Structure formats: C-alpha cells, structure tokens
Amino acid sequence: MSGAPVIFTSIQSTHRVEPKRAFDYWRSTALARVDATPLESETGFAASRLLAVFDHGMLMRTRSSPLVVERQPQQIRRDGHDDVCLSLIVGGCGHQEQGNRGGIIGVGDIGLVSLDRPFVLGAREPYEELRLNIPRPLFLAHVGPVEEVAGRRFPASALGDLFASYLGTFAATVERMSEAEAAPALEGALHLLRGILQHPGERREADLSATALRSLAQAYIERRLHDPDLGPAGLCAALRVSRTRLYAAFAAEGGIAAAIRDARLDRAHRRLSSAAGDADTIAGVMKACGYVDAASFSRAFRRRFGLAPRDVRPTRR
C-alpha cells in the first residue's frame with residue numbers, strides 16, 4: 001500500500017456491555033437511523049459488527065440476535081439520507097418490506113432498500129449479513145435506477161454465489177485497504193451486482209403481479225408469525241388487496257391459510273432442530289410461532305414432519 005493510510009474501520013459489539021443495557025447500546029449506535037425492536041428478551045440481546053467507511057460507501061458485517069428495524073418518515077426528513085442499502089444474508093433468515101414490495105430473505109439472497117422511503121427489515125432468528133451502503137449517484141452510474149430494485153429480493157444464484165464470495169473477501173480484507181484500493185474493489189462489487197439485477201433471463205417484476213404479491217405477503221407473515229390471530233382477513237387489510245387476489249396468489253401453495261400454517265411449523269422446526277435454540281422450551285417455541293394449544297401444535301407438527309416436536313431436538317453427546 002506504499003504507506004497510504006488505511007480506510008476507517010471499527011468493531012462495534014455488545015460483548016462488554018452490561019446485558020440489561022446491550023440492546024439500548026446497539027439501538028443508539030449501530031441502529032441510529034431507524035427504530036428497532038428486539039424479538040426476544042432485551043437482556044439476552046447480543047450483536048457485533050465490523051464497520052468500514054470509505055469515500056464512496058460503507059461495508060458492514062453484522063451478527064445479531066433477532067430484531068425488527070423500521071425507517072420512519074420523520075427519520076428520513078431528519079437525516080436526508082438516500083443511500084441504497086444492499087443486504088446479503090450469510091446465516092439465518094430475514095424479511096424486508098418497502099412500499100408494495102417485499103419478501104423473505106434467506107442465505108445467499110440479496111435484498112435492496114432505499115433510505116429515502118420507509119421500510120421494515122428484520123429477522124426472527126439469529127442472523128449474519130453483509131451489508132453495503134451505496135450512495136444513490138454511484139448506484140445510478142454503475143447499476144441502474146434505484147426505483148426499479150428498491151424493496152425487491154433477488155434469490156441466490158450462481159452469479160450471486162460469486163458476488164457473495166467477493167463481498168466476503170472484501171469484508172475480510174477491508175481493514176488493510178487504502179482509499180485507493182477500496183475504490184476499485186467497490187466498483188468490482190457493483191459490476192457483479194449489475195449482472196445479478198439485470199440478468200437477461202430474469203422476468204421483470206411488473207409482469208409477475210401474483211408473484212410480487214405472494215412475496216410481500218410472505219414477508220408480512222414472517223414478521224407476524226408469533227400472533228395467533230394472523231389470518232387471511234388481516235393480510236388483506238394490511239396489504240390492501242382483495243381476498244380473491246390473495247387467494248389466487250397462494251393457490252399453488254394450497255391456499256393462504258395453508259401457507260401461514262406451514263410457515264409457523266417451518267419456523268418451529270428450525271428453532272427446535274437448531275443447536276443454537278437448544279435452550280428454548282417446546283412451549284416457548286410453540287408460542288413464538290403463534291400456537292396457543294400444545295395438542296394442536298403437536299398434531300400439526302407430526303402431520304407435516306412425521307415426528308413429534310421433541311424428536312427433532314439435536315442429540316446431545
């Protein structure tokens with residue numbers, strides 16, 4: 001690097017913060033531009049982040065307990081930021097909603113939101129992500145119009161795997177980079193991103209209204225699975241769509257009620273079978289997934305997976 005100064009990087013972590021203050025600390029530092037709500041006990045919250053700030057953007061690698069963040073109109077008016085935020089999920093599962101777009105974001109998927117409009121992001125299980133904040137003019141110059149992609153989810157793909165590897169290497173080496181080195185590294189990332197977002201085989205979302213509606217509904221469902229009253233009527237009201245359109249969007253999945261049921265059970269299975277969730281009680285997992293009756297939960301779980309909830313627990317050695 002010929003003695004060139006390295007770019008600014010920092011490590012933010014709740015590791016040395018008193019447990020009862022950990023979430024407040026994280027909310028006031030790492031999440032200063034949004035409202036944030038923990039999805040488990042605040043005293044059990046833990047998070048860490050590598051933050052790299054350079055002339056043309058920010059790169060972050062974050063590990064966190066479950067939470068939901070919302071960017072509100074008053075925050076947009078106050079800070080005026082309009083960067084494009086790219087999130088690549090490395091571990092866990094999240095969701096995003098912006099305007100009439102949204103979806104569930106899993107490992108290898110890419111989500112995009114714009115800071116100049118309200119949005120909701122979150123994860124109901126511990127997660128890890130790589131996040132790139134790109135100034136709007138730079139995004140326009142290297143990728144394309146922001147409005148065409150804001151709120152959209154781009155599923156994992158072969159080119160996406162290459163992008164994930166590239167972004168992971170970028171994050172692993174950014175602490176040793178100079179500004180002169182970071183600029184072409186970022187340009188390379190944007191070149192790959194352009195290929196992902198404008199892949200010639202991709203059908204445009206405007207032609208997939210049922211698919212777009214289903215994706216948005218899935219994000220809404222994922223965010224509210226803990227609510228036992230979640231159902232088709234509430235979805236129609238929240239998404240401002242008719243029951244006919246909603247039912248048509250989920251016809252291939254057996255209907256909207258079946259989609260909600262399966263999402264509840266899939267989350268329960270993930271938490272019960274995860275070593276990270278070994279401390280969770282079955283009753284606690286059941287309630288977190290919107291079930292209020294243990295017998296009904298057990299029957300539904302066995303019908304879907306062929307096992308009782310207790311039988312999917314990791315084997316202890």
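Numbers below:
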item: Yes/no for residue 53 being more than 14 Å from the chain's Cα centre (by Cα) and part of a strand (DSSP E or B); result: yes
item: Those helices (runs of 4 or more DSSP H) lying entirely in the range 123-199 with at least 1 residues in contact with a Ser or Thr (Cβ under 8 Å, 6 or more places away or on another chain) and of a type in the set (A, V, I, L, M); result: 179-197
item: Near pairs, Cβ below 9 angstrom, 6+ apart or cross-chain, from the range 87-104 (among the basic types (Lys, Arg)) to any residue that is part of a strand (DSSP E or B); result: 101/153
item: Residue within the range 52-75 that is of a type in the set (Ser, Thr, Tyr) and farther than 21 Å from residue 166 by Cβ present; result: yes
item: Residue selected from the range 8-31 under the condition closer than 26 Å to residue 173 by Cβ and either modelled with pLDDT under 90 or among the aromatic types (Phe, Trp, Tyr) (or both), by the criterion surrounded by the fewest Cβ atoms within 10 Å (Cβ to Cβ); result: 8
item: Single residue of 102, 111, 91 found to be surrounded by fewer than 16 Cβ atoms within 10 Å (Cβ to Cβ), closer than 23 Å to residue 38 by Cα and not basic (Lys, Arg); result: 91
item: Options 78, 101, 63; residue that is closer than 23 Å to residue 270 by Cα and of a type in the set (D, E, K, R); result: 63
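The values are calculated or read from the model by the stated rules, or taken from the named source; none is laboratory data. Since we're looking at a predicted model, the values are computed, not measured. Glycine gets a Cβ as well: all are built from the backbone with ideal geometry, and neighbour counts include every protein chain shown.
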